[in-house]
Amino acid sequence: NLMSLCVSSNMPLAQLEKLVKAKFGAIKGKNVSLPDVSNPKPYDTCSCKRLVKMVPVNDLDELKITWSLPFYGDDEDDDETSPNMNIKYYMELFGHEGKNSVLSYLKSQGWATGLETRRKSMCGCMTKFDVNIELTKDGVANYVKVVEAVFAYAQLLDKAGPQDWFANELNAAGELRF
């Protein structure tokens, strides 16, 4: 019951369904549940707050800040009532490129050229939230100030709390995409 199968083919659907049933129909659902691996926590506070420097193979100056958060649902879960929407809200705020955004500040300082956010569900017990920043050469030299700016922005968002106007804007944009 935990297994998924994805099949892609140019065969007619009826023929493909028959083939899949013949090859995989004997697999029985065992009514297994995922073990709870969230306790103990996968990362303790001592193993976090770590700076890792790497020399890239390609000419790439990137800073990645990763937060390990509680589980916010599967990556594909787009239900607006799911806890996953909380993380999407913050992904949009961090990824915002307009006036008063963290990226506009970093660009004004000459430290960054781009920023993107990502999330990844890990083993059904935690969510990784990444902020990836494309740095300029000056940004590489001032990476500590870049990190400070991102954390100051995170603290600002935490202090301000969820903003109805931004959530409404996200919902309106979602309606347009539909």
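The values are calculated or read from the model by the stated rules, or taken from the named source; none is laboratory data. Small disclaimer: the values here were computed from a predicted structure and weren't measured. Here the Cβ is made from the backbone with ideal geometry for all residues, glycine too, and neighbour counts use every protein chain on show. Please note that ligands, DNA and RNA were not included when accessible areas were found on the heavy atoms of the full protein model with its side chains. Shrake-Rupley method; radii C 1.70, N 1.55, O 1.52, S 1.80 Å.
List of remarks:
- Checked against the criteria, Gly114 does not count as at pLDDT below 85 and open to solvent by less than 30 Å² (accessible area, probe 1.4 Å).
- Scan of region 133-165 for residues that are of a type outside the set (A, V, I, L, M, F, W, C) and crowded, with 16+ Cβ neighbours inside 10 Å, ordered by number: Glu134, Thr136, Gly139, Asn142, Tyr143, Tyr153
- Search result, residues across region 86-109 that are open to solvent by less than 30 Å² (accessible area, probe 1.4 Å) and either closer than 16 Å to Val144 by Cα or among the acidic types (Asp, Glu) (or both): Val102, Leu103, Leu106
- Any hit, region 113-135, residues being under 17 Å from Leu103 (Cα atoms), assigned to a helix (DSSP H, G or I) and not small (Gly, Ala, Ser): no
- Hits in region 155-172 - residues which are touching a residue at least 24 places away in the same chain (Cβ under 8 Å) and not in a helix (DSSP H, G or I): Pro162
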